[in-house]
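A.B. asks: Would you mind keeping the following structure in view while I ask a few things?
The values are calculated or read from the model by the stated rules, or taken from the named source; none is laboratory data. Bear in mind that the values here come from a model prediction, so they are computed numbers and not experimental data. Glycine gets a Cβ as well: all are built from the backbone with ideal geometry, and neighbour counts include every protein chain shown. The accessibility values were calculated without ligands, DNA or RNA, using every heavy atom of the protein model including side chains. Shrake-Rupley method; radii C 1.70, N 1.55, O 1.52, S 1.80 Å.
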Amino acid sequence: MENSVIVLDFGSQYTQLIARRIRECKVYSEIVPYNISCRELLNKKPKAIIFSGGPASLSKENVPLCDKKIIQSGIPILGICYGMQLITLFLRGRVSPSSLCEYGKTSLHINKKDGLFANLNSNITVWMSHTDKVYKLPSGFESIASTQNSSIAAFRNKEKKLYGVQFHPEVVHTPKGKKIIENFLYKIAHCQKNWTMKSLVKHSISSIRKQVADKKVICALSGGVDSSVLAILLHEAIGRQLHCVFVNNGLLRKDEGEKVVKTFKHHYNINLKYVRAEKRFLKKLKGIIDPEKKRKIIGHEFIQIFQEEAKKIGPVNFLAQGTLYPDVIESISAHSGPSATIKSHHNVGGLPKKMHLTLIEPFRNLFKDEVRKIGLTLKLPQEIIWRHPFPGPGLAIRIVGNVSAERIKILQAADAIVIEEIKKAGLYRKIWQAFAVLLPIKSVGVMGDARTYENVIALRAVTSCDGMTADWAKLPDSLLGEISNKIINQVKGVNRIVYDISSKPPSTIEWE
Ligand code: XMP
């Protein structure tokens, strides 16, 4: 595509963040594997190229190297960390392991305040994460920034438009990182600002149409932001070829099933199958306490139901999922095989292998706030767009211990109060997630003149930008008091409320 930026992926955990920053600068970007041939890359007619960082060390054997011709192509290149070292190696500078590795926030002194570092102060904070460093510049290059540990923390060959930075401008810990990327895109590569959410939606719709042709697509709708935006995007693209299945597992928030049917079936006129399976799930969950077992049972039962429904719909070729980039990286690691599985978020993997369906995942490279922007572009109701994330296993992982119909009812009632009061206080959108958790303990209380021995509810509210890290929300005392009073007075079976003041890490957002 004209005016695009190609990101060569050398395995950095931040590669998707680079692409995201480029999108934020309103420029189209595409990530390609590092070993793409120069010819293939030039066919894409990029206006600029970025080499990502990566975990490898150039002092070792069998490291990822790109086609050397790319560096000689005349297209502006920015190498980040490993990418910078690679440019150095190819152009006969010297890279070696450093005796001091730099990790974390570092002060960068800028020597040349034009081009890449235009409109920045002389000293800025940047985020470093490297062990190798550039010891000798390739010929024709000059150092444009330094740190205490390195006189070549950034370099350039102005004439050939080749740039390198040892730090990571794409992460938020480099506060002026976006400005640096903007400078590269606009001042050096002369990219135009023409890639908007509208273009992204248009592009997705046309590629979904092309891929699906006249076949059928099945989509599991949960009523959450991601699957809702996905369903509307697919509906725009392929209309009645889309078949949504919404399974009420009995673990949803209060009145959620009815709301989903009203919006999608009645308002949007989407092909929607509403499956009432509350009893089925409850039966399978009886006596199950282990959180991962709960997830597996719910995931498995969901697949069963989904398969049964798919059969009824007839030959289906595609399965659409609202998988987001953070779901992908929390469940697998891109280059070094499976990383530690903290929780098995079940929309990654599972269904397709069994059902031989081709996956459509238009949001696989996007972050939640970007999906919300797509929802806004598609004019989805605000209530859906700003909805807090809700886990696939639903209330089962917010009822610590045994799940029963009675405990679900208690939690639904308490949860509805939490959400209502937070909305009333005007804080709903400022908070990433807020919910109630039903604990497996009872506490003594006094109501009227009588002793009570009832359940304890924990309130959880966190701020976050992507759910990968989170801070407990500093809710006003008056709001906490109001929520506590209302739950204790209105929800039968609860006599105590506690507020969870732990952050992620080391805790997680959900209790289970
Ligand atoms: P944790 O608890 O891991 O949650 O900090 C991070 C985000 O993921 C959601 N979550 C899940 N979503 N299936 C899902 O679809 C799951 O099993 C699951 N577990 C946690 C959680 O609500 C938060 O937004």
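A.B. asks: Somewhere in segment 460-474, is a residue over 30 Å from residue 323 (Cα atoms) and open to solvent by less than 50 Å² (accessible area, probe 1.4 Å)?
C.D. replies: Looking through segment 460-474, none of the residues is over 30 Å from residue 323 (Cα atoms) and open to solvent by less than 50 Å² (accessible area, probe 1.4 Å).
A.B. asks: Given (1) within 13 Å of the ligand (Cβ to nearest atom); (2) modelled with pLDDT of 65 or more; (3) under 24 Å from residue 11 (Cα atoms), identify the lone condition not met by residue 295.
C.D. replies: That leaves (3) as the condition not met.
A.B. asks: Which count do you get for residues in segment 401-433 that are of a type in the set (A, V, I, L, M), open to solvent by 30 Å² or more (accessible area, probe 1.4 Å), over 19 Å from residue 225 (Cα atoms) and touching a residue at least 60 places away in the same chain (Cβ under 8 Å)?
C.D. replies: Result for segment 401-433: 2.
A.B. asks: For segment 1-29, which positions are of a type in the set (A, V, I, L, M, F, W, C) and not in a strand (DSSP E or B)?
C.D. replies: Scanning segment 1-29 gives 1, 10, 17, 18, 19, 22, 25, 27.
A.B. asks: Name the residue, out of 47, 60, that is modelled with pLDDT of 95 or more, over 20 Å from the mean Cα position of the chain (by Cα), open to solvent by 40 Å² or more (accessible area, probe 1.4 Å) and on the phi < 0 side of the Ramachandran plot.
C.D. replies: Of the residues listed, the single one that is modelled with pLDDT of 95 or more, over 20 Å from the mean Cα position of the chain (by Cα), open to solvent by 40 Å² or more (accessible area, probe 1.4 Å) and on the phi < 0 side of the Ramachandran plot is 47.
Yes or no, residue by residue, for (1) open to solvent by 10 Å² or more (accessible area, probe 1.4 Å); (2) charged (D, E, K, R); (3) more than 16 Å from the ligand (Cβ to nearest atom); (4) modelled with pLDDT under 95:
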site	(1), (2), (3), (4)
243	yes, no, yes, no
249	yes, no, no, no
267	yes, no, yes, yes
326	yes, no, no, yes
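A.B. asks: Let me ask something else about it. Only one of (1) within 12 Å of the ligand (Cβ to nearest atom); (2) touching a helix residue (DSSP H, G or I) at 6+ places or on another chain (Cβ under 6 Å) fails for residue 469. Which number is that?
C.D. replies: Failing condition for residue 469: (2).
A.B. asks: Could I ask something else about it? Give segment 375-399 a look and list any residue that's on the phi > 0 side of the Ramachandran plot and either away from the ligand (no atom under 14 Å from the Cβ) or part of a loop (DSSP other than H, G, I, E, B) (or both), or say none.
C.D. replies: First, pick out the residues of segment 375-399 that are on the phi > 0 side of the Ramachandran plot: 379, 394.
Within segment 375-399, 379 is the sole residue that qualifies.
A.B. asks: Condition (residue is loosely packed, with under 15 Cβ neighbours inside 10 Å and β-branched (Val, Ile, Thr)) applied to segment 438-445: is it met by at least one residue?
C.D. replies: Looking through segment 438-445, at least one residue is loosely packed, with under 15 Cβ neighbours inside 10 Å and β-branched (Val, Ile, Thr).
A.B. asks: A further question on this structure: Is it the case that residue 69 is assigned to a helix (DSSP H, G or I) and open to solvent by 60 Å² or more (accessible area, probe 1.4 Å)?
C.D. replies: Numbers: assigned to a helix (DSSP H, G or I): yes; open to solvent by 60 Å² or more (accessible area, probe 1.4 Å): yes.
Here the answer is yes, as residue 69 does meet what is asked.
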